[in-house]
2 protein chains.
Amino acid sequence: MHYPKLMTMSGYRDRVQRLLKAASANVGDRIKVEGAGRTYEGVLMPRTELGDPNHLVLKLQSGYNLGVKIGTSTKIKLLEKGKPPKLSVPKLELKPDPSKPNVTIIGTGGTIASRVDYRTGAVFPAFTPEEIYSAVPELAEIANIKVVEACNVFSEHMTPELWVKVGKAIVKELNSAASGVVIAHGTDTLGYTAAALSFMLKGLHRPVVLVGSQRSSDRPSSDSAMNLIGAVTVAGTSDIAEVCVVMHGSMDDEFCLIHRGTKVRKCHTSRRDTFMSINDIPIGMVRGRELRLFRGDYKHAKPKGRVTVDEKFEPKVALLKVTPGVPSSIIDSVLKAGNKGIVLEGTGLGHVPEPLFPGIKRAVAKGVPVIMTSQCLWGRIDMKVYSTGRDLLQLGVIPGEDMLPEVAWVKLMWVLRHAKNLKEVSKLMQCNLSGEITPRTRPDVFLKPVFTLTP
Amino acid sequence: MHYPKLMTMSGYRDRVQRLLKAASANVGDRIKVEGAGRTYEGVLMPRTELGDPNHLVLKLQSGYNLGVKIGTSTKIKLLEKGKPPKLSVPKLELKPDPSKPNVTIIGTGGTIASRVDYRTGAVFPAFTPEEIYSAVPELAEIANIKVVEACNVFSEHMTPELWVKVGKAIVKELNSAASGVVIAHGTDTLGYTAAALSFMLKGLHRPVVLVGSQRSSDRPSSDSAMNLIGAVTVAGTSDIAEVCVVMHGSMDDEFCLIHRGTKVRKCHTSRRDTFMSINDIPIGMVRGRELRLFRGDYKHAKPKGRVTVDEKFEPKVALLKVTPGVPSSIIDSVLKAGNKGIVLEGTGLGHVPEPLFPGIKRAVAKGVPVIMTSQCLWGRIDMKVYSTGRDLLQLGVIPGEDMLPEVAWVKLMWVLRHAKNLKEVSKLMQCNLSGEITPRTRPDVFLKPVFTLTP
């Protein structure tokens, strides 16, 4: 067990600690906090030592955690003793079943691998095989689970260096006994990591499945169990030898979609069906433990293989979203900051305001590639339709086809360390390396509103 | 008539001009261009003098215009004389009908007001009332049309100064005889202009409707006539006293949607149903000339009123999209460039990587407001759920609620010139000024994929 810190009162210090002690209140107890004209009721949550010492954390009835400021006149009252936290889980018979696939779950710090929200001070970070099985018992029916931790950060703090760490952990597992790998990842930057792994992993012969959770698993609406079952099913039983993302496909607990790692994007701050395949259909879906593939044109798994990590990323690449009246100096600032490449998030088919043209010309002359993507997100760059686009092509801007701006940004980081010159960068950026460019867009891969109208 | 330049060969000079002359080819003729092993056939298009003199522009069978480079060995052959461009249109009886509303169409340079693509060198920029009626005769049945030109730029070249010019043109019309105004605008930055006008126009008592076209009107799939009919219908006959956007609501010529100017976004590079209301339902729809409103909570028109332009915008505001590993120096660069405000396009519920915290702190200390929006686009900022968000709130970051990043950016430009201090900026940014913040999001205002699966 490696979570003693989270189980104790050690996150509370000084005055807050004294007040809680005086009220005989412990983590897990339901308490009332009164002060400054406000009253809050909730379950006292554990917290890390890093936080502001003048706050305590309550889990409200709504399921959300709230930080409550403790002033000089604040009173704390114990309402109900919590059940003592169950530190041990029933010991399971965990002999590997040779008829089942071996799936390694690699943790990065996301909420999925916890029984309560890891980020806000989880009581039960389920992270030994026993605990994972105990939280999601169905997993034992699908695969022999091994659990590994690659890093432990909130996903907004992910970095290119950590992508490589995750990549190395994946390769280690796939080159030993794993039939597939699941990466438990916070949802904020899950799409970026999926894209990075797609370019980084070479010779992939088995599934690599990223999974996350939009709701912490102590809330009734949690999506973590279903997403995890879907991800382990794809990793253990599918023949998709690609980096993909498995997340809820609808608001209800109906099914998960299997998105290609280079075509997926988080599109909603809080909904469970937040991840969408952009400019292409998903690879398939998982309903319960049943796989349904929508297409056959993915890389198919092989029984044997050797995966490697091609880990070179150029960290100095700018992603620049263009707005009306954007100052002409912005490209030069980006160059001055030492960037080796620029991805423009232009307007429409791939346009930017004319005042940016001279800066772009200077960038290209310096050997700094400038890639065009669209802030529309859906659709394809076409710089031959209007004169602004044609002018930009003449300046040397490289059209990003139907790539998401974020994916083009990750790709350029990778390409810059794998191309000898600007010409090769241009060639690689316009070449479909890992499914990031759809050669021909289906006419039906846009979106429609789901709202229903009352008559 | 004010388009003689576009009707002539004046865009062609030097060698290209000589070759065309030798082939007796004129604008409008079908020609064959052979050279460097390639052959192109199409209609010779007029072009502006600004372009590269070594190219000519052909309109291909597909409807797209192509710039063809003319080398030393290029041959040009006349295939078919074009019909002489119809310079005059039948003179209509254009006595204003007192039973009909007066609608002013204000041009900005978009494709809508042309019978062929204005941007690529239109042959028939339909921009007198007669021509508009002749191109879209149905308009005469809806309203008495007046036509005004506010500016003439491709919409990617729109600027805050031009927003004000358009705003002044609107006010002039609404304060005289117009029952409503239609702004013909390129689609690339139409959403930005709609947001700017929403904050800028004060005391609006009549509809202001932005409209654009995704396909030039000489292509069979053009959406300009239907969009224009929808826009004039809303401007002339609805009681929506708001800035709104009327564009195709589906791939087919079925209906247009009426989007609120502060909730709308271009979401596809080429589809006709590219504009979407984000985080709210549209105000209504127009099918043919029949209005159907989805809601009653819009500002209702009044028979009389006086509109003003509150035109002060702070041009120095940065929109910053956050990516993994974004350098900590980026906030200081933005400050150094003289920006008076920063809109962050963060991840998820409103997060940025920790290395940005010190820069954000310095910005706030300098009195530079930092607004949080989400690159998810859909959903609402909630910075109280996770510790990163709570830390950012403590640093003084202002949550952007459910505002689109682009709209928050336009709003901050406006707010910075209308607030006395940081506290007032914070208050105004979190206050719903023009429909940009939806107090409570409907659970069904997300999107679903439209793709259909073959069994």
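How crowded by other chains is A:188-195, given as the mean number of beta carbons from other chains within 10 Å of each beta carbon?
4
From the label point of residue A:203, set 7 Å along Cα to the beta carbon, how far off in nm is each other copy's matching point, shortest first?
Nearest to farthest, the other copies are at 7.5 nm.
Counting only other chains, what is the mean number of Cβ atoms within 10 angstrom of the Cβ of each residue in peptide A:261-271?
Rounded to a whole number, the mean comes out at 6.
Distances from residue B:15 to the same residue in each other copy, label points 7 Å out along Cα→Cβ, in nm, shortest first?
So the label point of residue B:15 gives 8.2 nm to the other copies.
Cut-off under 16 Å on the C-alpha distance; same-chain residues fewer than 8 positions from residue B:32 excluded. Which aspartates and glutamates are left, in chain and number order?
B:41, B:80
Give, as a single signed number, the net charge of other residues whose beta carbon lies under 10 Å from the beta carbon of residue A:143, with Lys and Arg counted +1 and Asp and Glu -1.
Its environment carries a net charge of 0.
Round to the nearest 0.05 the FRET efficiency obtained for residue B:99 and residue B:295 when R0 = 30 Å and r is the Cβ-Cβ distance.
0.55
Of all the residues in chain A, which one has the C-beta that comes nearest the axis relating A to B, and what is the distance in Å?
A:447, 2
At 7 angstrom along the Cα-to-beta-carbon line, where would the label on residue B:80 sit relative to the other copies? Give the distances in nm, shortest first.
8.3
When DSSP assigns beta bridges and you keep just the ones with both residues in the stretch A:317-429, what percent turn out antiparallel, to the nearest 5?
So the antiparallel bridges in the stretch A:317-429 amount to around 10 percent.
Within a Cβ distance under 13 Å of residue B:396, other residues only, what is the Lys/Arg minus Asp/Glu net charge?
Every neighbour counted, the sum reads +4.
Which aspartates and glutamates have a Cα lying under 18 Å from the Cα of residue B:100, excluding residues fewer than 8 positions away in the same chain?
B:130, B:138, B:141, B:173, B:239, B:290
Averaged over its residues, how many other protein chain Cβ atoms are within 10 Å of peptide B:342-353's Cβ atoms?
Counting other chains' Cβ atoms within 10 Å and averaging over B:342-353 gives 5.
Using the count of nearby Cβ atoms within 10 Å as a rough guide to exposure, how do B:357, A:275, A:199 rank from fewest to most?
Least crowded to most crowded, the residues run B:357, A:199, A:275.
Which whole-angstrom value gives the distance between the alpha carbon centres of the stretch B:372-394 and the stretch A:135-211?
When both Cα centres are located, 26 Å separates them.
Which peptide among B:337-350, B:139-152 comes first, and what is the full order, when sorted by highest mean count of other Cβ atoms within 10 Å?
B:337-350, B:139-152
Sticking with the crude label model, points 7 Å out along Cα→Cβ, report the distance from residue B:21 to residue B:361 in nm, one decimal please.
Reported label-point gap for residue B:21 and residue B:361 is 7.2 nm.
Any of B:168/B:299; A:321/B:336; B:312/B:384; A:316/A:423; B:304/B:427 with alpha carbons more than 24 Å apart? Name them for me.
The pairs that break the limit, which is 24 Å between Cα atoms, are B:312/B:384; B:304/B:427.
Read-outs throughout are calculated quantities, based only on the coordinates presented, and are distinct from any laboratory measurement. Everything numeric here is computed off the predicted structure, so don't read it as measured data. Quick reminder, even Gly has a Cβ in these numbers, built from the backbone with ideal geometry, and neighbours come from all protein chains shown.
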